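The values are calculated or read from the model by the stated rules, or taken from the named source; none is laboratory data. Just so you know, these numbers come straight off a predicted model, no measurement behind them. Cβ sites come from the backbone with ideal geometry, for glycine too, and all protein chains shown count toward neighbours. Side chains included, ligands, DNA and RNA excluded: accessible areas come from the protein's heavy atoms. Shrake-Rupley method; radii C 1.70, N 1.55, O 1.52, S 1.80 Å.
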Amino acid sequence: MLAYQHAYHAGNFADVHKHLTLYAMQRSLLRKESPVTYIDTHAGRGRYPLAGKETQKLKEYQQGVMPLWEARRSMSGRHDLLADWLCALQRAQEGQAGHALSHYPGSPWWLTDSLRRQDRLSLFELHPGEHGHLEGQTWPANVRHIHADGLAGLRRLVPATTPRLCVLIDPSYERKEDYGEVADTLAYVARKARHAQVAIWYPLLPAGRHQTLLDRVRDAGLRKLWRSEIRLHASGESHGMYGSGMLLFNPPWGLDDALTRLFADVVGVWGREATHRGDWWVEE
């Protein structure tokens, strides 16, 4: 499917969940000097102006990143990770010396912001319009954007030529087949690069199709899978997405505890009904 454009949802609570998790994983990888290959299978545009007509149609950022931005002074003192993330978010603002939030950065920006000279980043995007936005931006020499299917591209790039590999997989899941294909791709990566660190985002929808993904990776015999799920409200209260999930393969040591503590405070900003659950879907 080539209809999905993330600009309509930029900066929503699922973006915050996804990018805080990705930021934490990358920060852990940066503790060592050895190079890392990063692969983003569904890159999107890279950066999203919040005043854009697509983003303004739904204004999902008002219930996602905006409450955190407005509460940043009181929250950043509780978590070094959140404080650093919010500082990076400030850097992503275009020509804003004050306190306005004008842009929300997508995963290509988050990955590039801390990219070192010895690292490599491949950005896959299949939607021609979205890839056109990537092409129109300036990227470091060790970043390449590829107009191709990200899951197939990921399979071609493993095993990586660097000692370490970090992957983000976050399709739109417009096709119900996506859940099984993501699970099969993770199993392939695990066979080819067993030390890879992989973050998979999935939506929580009333149909419950994400369970196909979770069950299939467990049935494939994969180990060391940690699950993080944020629910804004109960599943029966709307027909749309009520929650956001992240499934981490080979997460860095201690990341589960750090994210559990962090998201316990983050969901408090989103209202009394918002909850976070973190647990080992499959232990080591």
### Message
Return the residues of region 72-92 that are assigned to a loop (DSSP other than H, G, I, E, B) and at pLDDT below 90; say none if nothing qualifies.
### Response
G77, R78, H79
### Query
Do you know which of the residues in region 161-175 that are in a strand (DSSP E or B) and not aliphatic (A, V, I, L, M) is most open to solvent (accessible area, probe 1.4 Å)?
R164
### Message
Any residue at all in region 12-31 that's outside any loop (DSSP other than H, G, I, E, B), modelled with pLDDT of 95 or more and in contact with an Asp or Glu (Cβ under 6 Å, 6 or more places away or on another chain)?
### Response
no
### Query
Which of the residues spanning region 123-151 are touching a strand residue (DSSP E or B) at 6+ places or on another chain (Cβ under 9 Å), in a helix (DSSP H, G or I) and open to solvent by 40 Å² or more (accessible area, probe 1.4 Å)?
H133, E135
### Message
Could you tell me how many of the residues in region 33-75 are among the basic types (K, R) and touching a residue at least 40 places away in the same chain (Cβ under 8 Å)?
### Response
3
### Meets criteria (touching a residue at least 60 places away in the same chain (Cβ under 8 Å), closer than 21 Å to M241 by Cα and surrounded by fewer than 21 Cβ atoms within 10 Å (Cβ to Cβ)) for E181
no
### Query
Which pairs do you get when a residue that is of a type outside the set (S, T, N, Q) and open to solvent by 50 Å² or more (accessible area, probe 1.4 Å), found in region 3-32, comes within reach of a residue that is assigned to a loop (DSSP other than H, G, I, E, B) and modelled with pLDDT under 95, reach meaning Cβ atoms under 6 angstrom, with the pair 6+ apart or on two chains?
Y4/S172; Y4/E174
### Message
Of all residues being under 24 Å from A24 (Cα atoms) and touching an Asp or Glu at 6+ places or on another chain (Cβ under 9 Å) in region 115-133, which is modelled with the lowest pLDDT? Just the residue, please.
### Response
E125
### Message
Restricting to region 206-241, count the residues that are open to solvent by less than 50 Å² (accessible area, probe 1.4 Å) and touching a Pro at 6+ places or on another chain (Cβ under 9 Å).
### Response
5
### Query
Can you find even one residue in region 244-259 that is surrounded by 14 or more Cβ atoms within 10 Å (Cβ to Cβ), closer than 19 Å to G11 by Cβ, touching a Leu at 6+ places or on another chain (Cβ under 9 Å) and not hydrophobic (A, V, I, L, M, F, W, C)?
yes
### Task
Note down all Cβ pairs under 6 Å where the first residue falls in region 150-164 and is under 18 Å from S34 (Cα atoms), the second is open to solvent by 80 Å² or more (accessible area, probe 1.4 Å), and they're at least six residues apart or on different chains.
V158/K192; P159/K192
### Message
On the basis of being of a type in the set (A, V, I, L, M, F, W, C) and over 22 Å from G132 (Cα atoms), does A88 make the cut?
### Response
yes
### Query
Scanning for something at pLDDT 95 or above, on the phi > 0 side of the Ramachandran plot and over 14 Å from the mean Cα position of the chain (by Cα), does region 220-237 turn up at least one residue?
yes
### Query
Residue check: is R272 modelled with pLDDT under 95 and basic (K, R)?
yes
### Message
Suppose we keep only residues that are among the small types (G, A, S) and modelled with pLDDT of 90 or more within region 44-70. Which one would you say is farthest from R144 (Cα to Cα)?
### Response
G64
